[in-house]
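Data block below; observations after.
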Amino acid sequence: MTTLDTLSHWRLDRDPDGLAWLTFDRAGSAVNALSADTMTELGIVLDALDAAPPPGLIIQSGKSTGFIVGADVNEFASLDTPEQARALVARGWNLFKRLAAVRYPTLALIQGHCLGGGLELALACRYRLVADQPGTSLALPEVMLGIFPGWGGMLRLPQVIGAPAALDMMLTGRGADARRAAALGLADARVPPRLLLAAARQTVLSKKPPRRARGFGALANLWPLKLLVANRARKQIAAKDPLGHYPAAPAIVTLWEKHGGNALQAPELIDGIISSDTARNLLRVFRLQERLKANGKQPGVTPARHVHVVGAGVMGGDIAAWCALKGMTVTLQDQDMARIAPAIKRAATLYARRLKDPRLARAAFDRLIPDPAGGGVPLADVIIEAISEQPEAKRALYASLEPRMKAGALLATNTSSLSLETLRTGLTRPERLVGIHFFNPVAKMPLVEVVHAEGDAGDATARACAFVGQIDKLALPVKSAPGFLVNAVLAPYMLQAMRSVDEGIAPETIDAAMVAFGMPMGPLELADTVGLDIARAAGEELAGGAEPPRCLAERLARGDLGKKSGKGFYTWRDGKPVKQGGASPAAAPAGLAERLIQPLVDATRQRVQAGVVADADLADAGVIFGTGFAPFTGGPLHYQGSNA
């Protein structure tokens, strides 16, 4: 028989006043995740507290990695029958319903990540306090796994913060930091870490009523406003996903509107969602993401403190800004201050948008140091070159940098096309040069290709992967080859789209077909965004001497380079393409999306066969996170394999 003394994952302590402190510290795991055994033990704790009710209960984490990251995804992956799926939903729903009904006040003390089932547990408590520090995040991201928050989140979140804000969180998976959680009413307060324990004690004994939504947010939980809010949400979902690739989103709306957030009242929805191809594929994508994250965790590698970036153009300046955002001291070098100034201005905008707190934004801004003379070179742990794609210019720069670098520093190039073998010529220690290839826009694109040459021992690659992980990007090791992985698969895809324009299909029709397929933007809008001159250069390198599409050659001859010149396949106004009629997937010829995607799939397979990436799973991961390839498919190779 399991008793409080024999629990593996929870520890219950009572202080001299009888207040109960319950610490979740899942055994054998770096993070707290809710599994069958941890939830069984929580039920045992509640039994003991029912027998001897405390004046209050405070639930906290014993992990430095955060509160609770959610449910154990491996249990979702092992569901084989509808009965198992319903039992999993019932387990969490009933346990948290029981927690919400206890006679004594309860409080969730949240530091770090509080996600999915973790937030559903916190919502079942009367009070929630959040640590006012970076890294605190509250979210219900289940929709991003193709499922729904079935343990009470769809019931309680709308009650606490109002239906519109709750639906936004549930349908996007977006998280709230400490400041936003408090502003929404999701947290009772945000508290400096040093004061958390005292604030928790005071709050749980305060006898204050629990937070509830007010005004329109509260009324939107009631008919007839509930019907209007639900219909508006459905229209927004349909506009973003016209072909219904992601069924969890409309299911969340239905469960909230018609079943009070209780999925057990709609077992057919549980069966359909959890057994869907989308849920299986999005779970696959989650695991691929975790594999890429693991590349960024290299044991024994000392974290970088100082980064020096040479080249303050769009890529170099934004790389520097991102590194400073992530806590590093960054020196940014270019020929003069006039070239550096635009990057500093963009950085200020990024920090204001991302950090919200002016003090944190100012601290990040102070870490980004203009450095026209290159004084940061001998201090830097990592030096990133982001100048023009001219081999001679890059080699000349390396020749000036190498004698000034400290012995253990890493030298990296952000080249998107040049081989490491070419660039290493003339270096005293060629093995220290690696590729760290970011994608534009740096702040939004999660993938970074870490490029190594044939025969590299791996030390520099491991250090580069650790650096990428340190700045919260996903590291994908790739071998030095034309276009590496991402650009090599995008080029034939964009060229095929351009050849369709040559055949008389409108750009708007082509892009609409691919957005309906699930791509974040169409291939021609993407080409305009990248720059048609850059698209041509990539195409020439990867197309084996084939003639460029006529529509591309004509635009380049006119000087129409896309977004940067104001005109390409589209006219660009205020940073957005102006699209004429025909922007409907219904106008596309039958099979257009499949025809356009096939060159991308073929190129991905060729990269695997050539050893540019280690295996097909990593190739799928790279294309999803580097191009935005429709996640519901599980990746291009998985998609074609499952549809063969």
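The values are calculated or read from the model by the stated rules, or taken from the named source; none is laboratory data. Fair warning: this is a prediction, and the values are worked out from it, not measured in the lab. Every residue, glycine as well, gets a Cβ built from its backbone with ideal geometry; the counts of neighbours run over all protein chains shown. Ligands, DNA and RNA are excluded from the accessible area calculation, which covers all protein heavy atoms including side chains. Shrake-Rupley method; radii C 1.70, N 1.55, O 1.52, S 1.80 Å.
Of all residues in the stretch 73-110, those that are out of contact with any Asp or Glu (no Cβ under 6 Å at 6 or more places or on another chain), open to solvent by 20 Å² or more (accessible area, probe 1.4 Å) and over 27 Å from residue 182 (Cα atoms) total 16. Among the residues of this structure, residue 48 does not count as one that is closer than 21 Å to residue 201 by Cα, surrounded by fewer than 20 Cβ atoms within 10 Å (Cβ to Cβ) and either outside the structural domain of residue 101 (by the TED database) or without any contact (Cβ under 8 Å) to a residue 40 or more places away in the chain (or both).
One residue stands out in the stretch 489-518 among those that are under 24 Å from the mean Cα position of the chain (by Cα) and open to solvent by 10 Å² or more (accessible area, probe 1.4 Å): the one that is nearest to residue 281 (Cα to Cα), namely 518. Scan the stretch 406-433 for residues that are surrounded by fewer than 20 Cβ atoms within 10 Å (Cβ to Cβ) and within 15 Å of residue 380 (Cα to Cα) and the total you get is 3.
If the condition is being in contact with a strand residue (DSSP E or B) (Cβ under 8 Å, 6 or more places away or on another chain) and on the phi < 0 side of the Ramachandran plot, then the stretch 66-83 contributes 67, 68, 69, 71, 72.
Tell me, please, whether a residue that is open to solvent by 10 Å² or more (accessible area, probe 1.4 Å), farther than 30 Å from residue 452 by Cβ and not assigned by the TED database to the domain that holds residue 433 can be found in the stretch 523-540. Within the stretch 523-540, one or more residues are open to solvent by 10 Å² or more (accessible area, probe 1.4 Å), farther than 30 Å from residue 452 by Cβ and not assigned by the TED database to the domain that holds residue 433. Could you say whether any residue in the stretch 15-36 is under 30 Å from residue 285 (Cβ atoms), of a type in the set (Ser, Thr, Tyr) and outside any strand (DSSP E or B)? Among the residues of the stretch 15-36, at least one is under 30 Å from residue 285 (Cβ atoms), of a type in the set (Ser, Thr, Tyr) and outside any strand (DSSP E or B), which makes the answer yes. For the stretch 161-178, the criterion of a residue being more than 22 Å from residue 258 (Cα to Cα), out of contact with any Gly (no Cβ under 9 Å at 6 or more places or on another chain) and acidic (Asp, Glu) is satisfied by no position.
Quick one: is residue 472 assigned to a loop (DSSP other than H, G, I, E, B), within 14 Å of residue 292 (Cβ to Cβ) and open to solvent by 20 Å² or more (accessible area, probe 1.4 Å)? Spelling it out, residue 472 is indeed assigned to a loop (DSSP other than H, G, I, E, B), within 14 Å of residue 292 (Cβ to Cβ) and open to solvent by 20 Å² or more (accessible area, probe 1.4 Å).
Evaluating residue 239 against the criteria (1) open to solvent by less than 40 Å² (accessible area, probe 1.4 Å); (2) assigned to a helix (DSSP H, G or I) leaves one unmet condition, (1). Determine whether residue 8 is within 22 Å of residue 283 (Cα to Cα), assigned to a loop (DSSP other than H, G, I, E, B) and either outside the structural domain of residue 177 (by the TED database) or out of contact with any Lys or Arg (no Cβ under 6 Å at 6 or more places or on another chain) (or both). Judged against the criteria, residue 8 is not a match.
Any idea which residue in the stretch 286-310 is modelled with the lowest pLDDT, counting only those that are in a helix (DSSP H, G or I) and open to solvent by less than 50 Å² (accessible area, probe 1.4 Å)? Among those residues, the one meeting the criterion is 295. Among the residues of the stretch 311-334, those identified as in a strand (DSSP E or B) and either open to solvent by 20 Å² or more (accessible area, probe 1.4 Å) or not assigned by the TED database to the domain that holds residue 373 (or both) are 329, 333.
The lone criterion from (1) of a type outside the set (A, V, I, L, M); (2) in contact with a Phe, Trp or Tyr (Cβ under 7 Å, 6 or more places away or on another chain); (3) surrounded by 18 or more Cβ atoms within 10 Å (Cβ to Cβ) left unmet by residue 446 is number (3). Inspection of the stretch 359-367 finds no residue satisfying the criterion of being open to solvent by less than 20 Å² (accessible area, probe 1.4 Å), in contact with a strand residue (DSSP E or B) (Cβ under 7 Å, 6 or more places away or on another chain) and under 19 Å from residue 315 (Cα atoms).
If you check 156, 194, 190, 212 for being assigned to a loop (DSSP other than H, G, I, E, B) and open to solvent by 10 Å² or more (accessible area, probe 1.4 Å), only one passes: 212. Here residue 283 fulfils each of the conditions (1) among the aliphatic types (A, V, I, L, M); (2) open to solvent by 70 Å² or more (accessible area, probe 1.4 Å); (3) closer than 27 Å to residue 478 by Cα apart from (2). Figure legend. Inter-residue proximity from the stretch 355-377: first residues part of a helix (DSSP H, G or I), second residues among the polar types (S, T, N, Q), beta-carbon distance below 7 Å, spacing 6+ or different chains. Indicated pairs: 367/329.
The single condition among (1) over 26 Å from residue 156 (Cα atoms); (2) without any contact (Cβ under 8 Å) to a residue 40 or more places away in the chain that residue 257 does not meet is (1).
To keep it simple, each residue is scored yes or no on (1) over 24 Å from the mean Cα position of the chain (by Cα); (2) at pLDDT 95 or above; (3) more than 25 Å from residue 410 (Cβ to Cβ).
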{"position": "320", "(1), (2), (3)": "no, yes, no"}
{"position": "327", "(1), (2), (3)": "no, no, no"}
{"position": "331", "(1), (2), (3)": "yes, yes, no"}
{"position": "336", "(1), (2), (3)": "yes, no, yes"}
{"position": "339", "(1), (2), (3)": "yes, no, no"}
{"position": "342", "(1), (2), (3)": "yes, no, yes"}
{"position": "352", "(1), (2), (3)": "no, no, yes"}
{"position": "359", "(1), (2), (3)": "yes, no, yes"}
{"position": "374", "(1), (2), (3)": "yes, no, no"}
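Out of 99, 109, one residue alone is in a helix (DSSP H, G or I) and either over 17 Å from the mean Cα position of the chain (by Cα) or not assigned by the TED database to the domain that holds residue 255 (or both). It is 99. Does residue 133 count as closer than 30 Å to residue 20 by Cβ, out of contact with any Ser or Thr (no Cβ under 9 Å at 6 or more places or on another chain), assigned to a loop (DSSP other than H, G, I, E, B) and open to solvent by 20 Å² or more (accessible area, probe 1.4 Å)? Yes, satisfied.
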